[in-house]
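The block underneath contains the structure these notes are about, expressed in structure tokens.
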Amino acid sequence: MAERPAVNASPLIFLSRAGRLSLLKVIADELVIPEPVITEIRKKGPSDVTVQAVAQAVWLTIVEAPPIPPVIQAWDLGSGESSVLAWGATHPGTEVVIDDLSARRCATSLGIPARGTLGLVLTAKQKGSIAEARPVLESLRQSGMYLSDLVSNQALALVGE
């Protein structure tokens with residue numbers, strides 16, 4: 001049985017800035033944030049919107065990061081990405097939510113189910129958690145998430161928008 005998914009900093013940052021942190025709940029009722037990820041987020045200071053949103057989300061649990069396996073270390077990723085992937089590697093079948101392309105490639109090579117913020121929005125639309133994906137993607141882009149028009153339009157076409 002898969003355990004709680006692990007989420008990295010960028011999805012937390014983009015979703016909280018857009019006021020959409022609860023979209024993470026479309027994949028699970030509870031998610032985990034490994035210590036290195038929360039340490040990265042907390043560096044922004046206590047008044048940061050992400051710090052506050054994460055602190056209020058009782059369905060997000062901060063966990064100690066498992067040791068980083070050498071195969072993940074070899075990818076030379078950041079500590080947050082590495083700890084999220086280590087969580088996925090030590091909890092078979094557990095999904096990770098991570099935007100970094102190299103980290104997603106690492107996940108794929110290790111058979112760790114992964115999706116990014118964009119995939120999360122598409123899932124929310126498919127499950128009926130949001131009526132339209134386009135306004136959510138636009139708010140994420142306005143909140144600092146880079147997403148080209150081409151990729152955005154291709155993704156929206158997948159959900160009939």
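Descriptive notes on the structure:
- Pick from region 53-75, criterion within 28 Å of Gly19 (Cα to Cα) and without any contact (Cβ under 8 Å) to a residue 24 or more places away in the chain, ranking: surrounded by the most Cβ atoms within 10 Å (Cβ to Cβ): Ala55
- If the condition is being of a type in the set (S, T, N, Q) and either modelled with pLDDT under 95 or over 17 Å from Ile41 (Cα atoms) (or both), then region 78-96 contributes Thr90, Thr94.
- Residues in region 104-137 that are surrounded by 14 or more Cβ atoms within 10 Å (Cβ to Cβ), farther than 27 Å from Ala74 by Cα and aliphatic (A, V, I, L, M): Leu120, Val121, Leu122, Ala124, Ile130, Ala133, Val136, Leu137.
- Top-ranked residue in region 4-24 [being under 19 Å from Gly93 (Cβ atoms) and out of contact with any Gly (no Cβ under 7 Å at 6 or more places or on another chain); ranked as surrounded by the fewest Cβ atoms within 10 Å (Cβ to Cβ)]: Arg4
- Residue within region 9-27 that is part of a loop (DSSP other than H, G, I, E, B), more than 18 Å from Asp99 (Cα to Cα) and touching a strand residue (DSSP E or B) at 6+ places or on another chain (Cβ under 9 Å) present: no
- Selection count, region 106-161, where residues are assigned to a helix (DSSP H, G or I) and either touching a strand residue (DSSP E or B) at 6+ places or on another chain (Cβ under 9 Å) or closer than 28 Å to Ile68 by Cβ (or both): 11
- Residue check, Val32 within 29 Å of Ile130 (Cα to Cα), out of contact with any Cys (no Cβ under 7 Å at 6 or more places or on another chain) and part of a strand (DSSP E or B): yes
- Residue among Gly45, Gly78 that alone is at positive phi and surrounded by fewer than 19 Cβ atoms within 10 Å (Cβ to Cβ): Gly45
The values are calculated or read from the model by the stated rules, or taken from the named source; none is laboratory data. As the structure is a prediction and not an experimental result, all values here were calculated from the model. Methodologically, a virtual Cβ is constructed for each residue, glycine included, from the backbone with ideal geometry; neighbour enumeration extends over all protein chains shown.
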